Amino acid sequence: MGAPTPKRADLSERGDYVLHTFLGANDEEFQIAGRGRVVDDAAEHKGVVDAIPFGASDASDPIFELLIERALWVFWENVGQPGSRPIKRRWSVKDSG
């Protein structure tokens, strides 16, 4: 993560994150959330920086490992019609035992 940003500060200070994207029709959305941690191991940090195809702006930028704790997939059935409703599927670390 490059220059200091609110997202970088949130990860550094609190460690929590949420990533989401809209996938297409019917407001379909996928979201993952969990905790992040700074990668302290120099070899692991270098491996990540070297693997970035477009190059890192600064090799001293922190690298965060994002641990997934939960996920959510949602789309809307009958969008714009009477009876429109969200169809949701949730996963969490607790689900996997």
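The values are calculated or read from the model by the stated rules, or taken from the named source; none is laboratory data. All values reported here derive from a predicted model rather than from experimental measurement. Here Cβ is always computed from backbone atoms with ideal geometry, including for glycine, and neighbour counts include all displayed protein chains.
Structural remarks
- Restricting attention to the range 1-38 and to residues that are in a loop (DSSP other than H, G, I, E, B) and in contact with a Phe, Trp or Tyr (Cβ under 7 Å, 6 or more places away or on another chain), the residue that is surrounded by the fewest Cβ atoms within 10 Å (Cβ to Cβ) turns out to be LEU23.
- The range 1-38, subset modelled with pLDDT of 90 or more and polar (S, T, N, Q), residue nearest to ILE87 (Cα to Cα): GLN31
- Residues satisfying the stated conditions in the range 81-97, i.e. among the hydrophobic types (A, V, I, L, M, F, W, C), at pLDDT 90 or above and either over 16 Å from ASP27 (Cα atoms) or exposed (fewer than 10 other Cβ atoms within 10 Å of the Cβ) (or both): TRP91
- Residue match in the range 52-60 (condition: surrounded by 11 or more Cβ atoms within 10 Å (Cβ to Cβ) and either of a type in the set (Asp, Glu) or not in a loop (DSSP other than H, G, I, E, B) (or both)): no
- Residues located in the range 61-80, provided they are outside any strand (DSSP E or B), within 18 Å of THR5 (Cβ to Cβ) and either at pLDDT 90 or above or of a type outside the set (Asp, Glu) (or both): PRO62, ILE63
- Any hit, the range 61-77, residues being more than 21 Å from the chain's Cα centre (by Cα) and without any contact (Cβ under 8 Å) to a residue 40 or more places away in the chain: no
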